[in-house]
Amino acid sequence: MVLIENQLNLTDHGHLGQLLTYAAGLEAVTIIWIARQVRNPHRAALDWLNSVTEEEISFFGIEIELWQIGSSPVAPKFNLASKPNDWSKTVSRASGRDGELTETKKLQLDYWTALSERLEEQGSQVQPRTPRPQHWANYAVGRSGCQLTARVNTRDQRVAVQLALKDQEEAEPLFHLLKQEKDATEGEIGVELSWLPKPDKLAPKAG
């Protein structure tokens, strides 16, 4: 999901607050702030957010200009003012010394690409993610504090999906509500699931 916040003036604290509020409510993974000028404090804020959030969450600051050549129609020109530190380096970071993807990374990238295409074809409520050459991918499920993580193990040729309940107050009641539908859920999926209540433990980070 992509969230775009736009304003015609210079960036301000109010719009920064709105951007973060909307992003949290929508669980957006790509956040774009467009303005006439991205002020230095807000450029620094976006850079900081990119450095402290998970890899799949991206913040962009975009400055807009209007250009006209002769009597041609006025056209917008977008200038990148802030971007994730590792943007356009995902493939490079996963590459071998020769600058090319390893065979394992190629398999992972092919797998996530095929999965994204399948989700789109089926009109799944799970939104496809940008394929990356890595062994895991996180997906939003439309509820704060819940995260779906898919993993692929190319060595053992296994795939797995985990639903993590991270909200300290809601995790336990949600877990029991879901487990009440255990038989129906496993019947729909076609496999027996592992139900792991861990009230005193944090969910392990993917990767």
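The values are calculated or read from the model by the stated rules, or taken from the named source; none is laboratory data. Everything numeric in this text was worked out from a predicted model, so none of it was measured. Don't worry about glycine lacking a Cβ; one is built from the backbone with ideal geometry, like all the others, and counts go over all protein chains shown.
Can you list the helices (runs of 4 or more DSSP H) found entirely within the stretch 1-119 that contain at least 2 residues being modelled with pLDDT of 85 or more and within 30 Å of Tyr139 (Cβ to Cβ)? Lay out the reasoning, then the answer.
Values: elements: 13-26, 40-52, 90-93.
In the stretch 1-119, 13-26, 40-52 are the helices (runs of 4 or more DSSP H) which contain 2 or more residues that are modelled with pLDDT of 85 or more and within 30 Å of Tyr139 (Cβ to Cβ).
Gln122 passes all but one of (1) touching a helix residue (DSSP H, G or I) at 6+ places or on another chain (Cβ under 8 Å); (2) among the polar types (S, T, N, Q); (3) over 16 Å from Ala160 (Cα atoms); which number fails?
Gln122 satisfies all of (1) touching a helix residue (DSSP H, G or I) at 6+ places or on another chain (Cβ under 8 Å); (2) among the polar types (S, T, N, Q); (3) over 16 Å from Ala160 (Cα atoms) except (1).
I need the full set of residues from the stretch 1-40 which are within 17 Å of Gln127 (Cβ to Cβ) and either among the hydrophobic types (A, V, I, L, M, F, W, C) or buried (at least 17 other Cβ atoms within 10 Å of the Cβ) (or both), in order please.
Initial filter on the stretch 1-40 (within 17 Å of Gln127 (Cβ to Cβ)): 1-4, 22-32.
If the condition is that a residue be within 17 Å of Gln127 (Cβ to Cβ) and either among the hydrophobic types (A, V, I, L, M, F, W, C) or buried (at least 17 other Cβ atoms within 10 Å of the Cβ) (or both), then Met1, Val2, Leu3, Ile4, Ala23, Ala24, Leu26, Glu27, Ala28, Val29, Ile31, Ile32 are the ones that fit.
Conditions (1) touching an Asp or Glu at 6+ places or on another chain (Cβ under 7 Å); (2) in the same structural domain as Ala24 (by TED's automatic domain parsing); (3) surrounded by fewer than 13 Cβ atoms within 10 Å (Cβ to Cβ), marked per residue:
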site	(1), (2), (3)
Lys105	no, no, no
Glu120	no, no, yes
Arg132	no, no, no
Asn138	yes, no, no
Asn153	no, no, yes
Asp156	no, no, yes
Gln162	no, no, no
Lys182	no, no, yes
Ser194	no, no, yes
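Residue check, Ala164 against (1) in a strand (DSSP E or B); (2) at pLDDT below 85, all met but one. Which one?
It fails just one condition, (2).
Starting from residues that are part of a strand (DSSP E or B) and hydroxyl-bearing (Ser, Thr, Tyr), keep the ones in the stretch 139-161 and report whichever is modelled with the highest pLDDT.
Step one: list which residues in the stretch 139-161 are part of a strand (DSSP E or B), which gives 139-140, 146-153, 158-161.
Narrowing further to those that are hydroxyl-bearing (Ser, Thr, Tyr): 139, 149.
Details: Tyr139: 82, Thr149: 89.
Ranking the candidates gives Thr149 first.
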